[in-house]
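Inspection log for the structure reproduced underneath, given as structure tokens.
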Amino acid sequence: MDAPRDPTLGAAYDAHYAAENFFGYRDWLYRPFVRSLARRAGLEPGARVLDLGCGQGQFTALFHDLGCEAHGVDLSPAGIRSARSTYRGSRLSFAVGDALELACREEFDCAFARSCSLYNRDDFAADRRVTDRFLDYVRPGGVCIFDYHTSLDPRRRSSTWRHHTLSDLERHFAAYPGTETFFTLRVETLALGARALGPRASRTTAALSRAFGLGGELVAIVRKQRAARVA
Ligand SMILES: C[S@@+](CC[C@H](N)C(=O)[O-])C[C@H]1O[C@@H](n2cnc3c(N)ncnc32)[C@H](O)[C@@H]1O
């Protein structure tokens, strides 16, 4: 697929992933968040989940802990080595690979991508090639969960990470009818679970992120249309 990739990216992530839990994920925050996402997306135990750009596999593992059959793929060999070592003995599977070039089609109930670098681009709002590709891996009626770390405070800028906005998210996913888009600080899922997620709650959490520079996640839940029956 003709989506531009950054050739320096692999080496950069390989260096990061020499450290265990490079991003410093905290289980108390992410476990209820992922459980709430899965519930909101209607994933049942046994669902086949493909984690695209899985890094060191923490999110893949959280889906596995919910009873899903979870597979992680990442471009970084160091990330995959780290994931295999951390979760050895589990039924999780991890592979080195390019998330745009996987040799499978409509095999998964869910394609999940959290902060995948393929979305860290200036033209994210308008360029849908990555999402279209990820949807290829999902069976009709399945879901693609887009999850991207950001801050909505315009003062928080980074030289390496694009902090996409809610309006970028909405523009990107406007092409997929029925998609639910929202922003979450994650922490609210601790008390409220899946009820904390969705466009209504997003208004409050987005205002908090803008005012106080709090980081959170842009989320889109895209359901892949079933093919129309021909009579
Ligand atoms: C910001 S990290 C996020 C990792 C993980 N999803 C997480 O949330 O911790 C971005 C990841 O995307 C991976 N990546 C970038 N381009 C990729 C590609 N074409 N195929 C698979 N993984 C890719 C990088 O190697 C890196 O692990």
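Values quoted throughout were computed directly from the atomic coordinates according to the rules given, and no laboratory measurement underlies them. The structure presented is a predicted model; accordingly, all values stated were derived computationally and were not measured. With ideal geometry, Cβ positions are generated from the backbone for all residues, glycine too; neighbour counts draw on all protein chains shown.
Stokes-Einstein diffusion for region 76-165 at 25 °C, viscosity 0.890 mPa s, with a Kirkwood radius from C-alpha pairs, works out to 162 µm²/s. Across region 1-115, the fraction of Cα-Cα pairs farther apart than 17 Å, rounded to a whole number, is 54%. Extending 7 Å from the Cα toward the beta-carbon at both ALA175 and LEU190 defines two label points whose distance is 3.8 nm.
Computed about the Cα centre, the dipole magnitude for the chain is approximately 640 debye when only Lys and Arg (+1) and Asp and Glu (-1) carry charge, each at its Cβ.
When the chain is treated as a GNM with alpha-carbon contacts under 10 Å, the residue of ALA220, ALA201, ALA61 showing the greatest mean-square fluctuation is ALA201.
Each principal axis of the Cα atoms in the chain has its own extent, and those three values, largest first, are 56, 42, 38 angstrom. With both residues required to sit in region 9-223, DSSP beta bridges show an antiparallel share near 45%. Take every pair of alpha-carbon atoms less than 8 Å apart whose residues are at least six positions apart; their mean separation over the length of region 9-223 yields a relative contact order of 20 percent. Placing unit charges on the Cβ atoms of the charged side chains and taking the dipole of region 98-207 about its Cα centre, the candidate lying farthest along the positive direction among TRP161, PRO177, PHE112 is TRP161. With 0.36 nm allotted per residue and the present C-alpha distance subtracted, the SER85-ASP132 stretch has 13.7 nm of extension available.
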